[in-house]
Amino acid sequence: MAQILVRNIDDQVKEALRARAEANGRSLEEEVRLILSRVSMEPKTPEKGLGTQIAELFAGYGLREDELPSRDELAEPWNFDE
């Protein structure tokens with residue numbers, strides 16, 4: 001089996017891991033090994049692009065296809081004299 005040495009872990013992170021290990025009845029090393037195993041086996045979902053996120057956020061709002069004006073219709077220029 002391979003070994004990994006991780007340096008410069010914040011003291012708060014180490015303490016949280018130690019407390020978690022103790023609560024689960026495991027050693028710190030065993031707890032970290034279990035966390036790494038679970039996280040590395042999670043299915044990877046591709047990150048959505050910004051356009052996709054915006055489209056999902058505003059889905060159901062705005063104009064429907066049947067509400068759009070015909071491309072053949074010319075827009076009337078604005079009358080600033082009114």
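Read the figures in this text as sums done on the coordinates, not as results from a lab. Keep in mind that this is a model prediction, so the values were computed, not measured. Every residue, glycine among them, receives a Cβ derived from its backbone with ideal geometry; neighbour counts consider all protein chains shown.
Here are a few things to note about the model shown:
- Trypsin sites (Lys or Arg not before Pro) within the chain: DSSP coil, no more than 12 neighbouring Cβ in 10 Å: ARG7, LYS44, LYS48, ARG64, ARG71
- With semi-axes defined as the square roots of five times the eigenvalues of the C-alpha gyration tensor, the equivalent ellipsoid of the chain measures 59, 16, 13 Å, largest first.
- With a Förster radius of 22 Å applied to the beta-carbon distance between LEU50 and TRP78, the computed FRET efficiency rounds to 0.10.
- Shown is the FRET efficiency for LEU5 and SER37, computed with R0 = 22 Å from the Cβ-Cβ distance and rounded to the nearest 0.05: 0.80.
- In the stretch 1-45, the alpha-carbon atoms span a convex hull of 109 Å³ per residue.
- The stretch 40-63-the stretch 1-29 distance, computed between alpha-carbon centres (Å): 34 Å
- The 3J(HN,Hα) values that the Karplus relation (6.51, -1.76, 1.60; θ = phi - 60°) gives for the stretch 9-14 are, in residue order, 7, 4, 4, 5, 5, 4 Hz. Gly and Pro appear as x.
- Taking GluC sites (Glu not before Pro) across the stretch 7-59, the ones in a DSSP loop with at most 13 further Cβ atoms lying within 10 angstrom of their Cβ are GLU47.
- In order along the stretch 68-82, the phi-based Karplus estimate (6.51 cos²θ - 1.76 cosθ + 1.60, θ = phi - 60°) of 3J(HN,Hα) comes to 6, x, 5, 6, 7, 6, 8, 6, 6, x, 6, 9, 7, 7, 7 Hz; Gly and Pro are listed as x.
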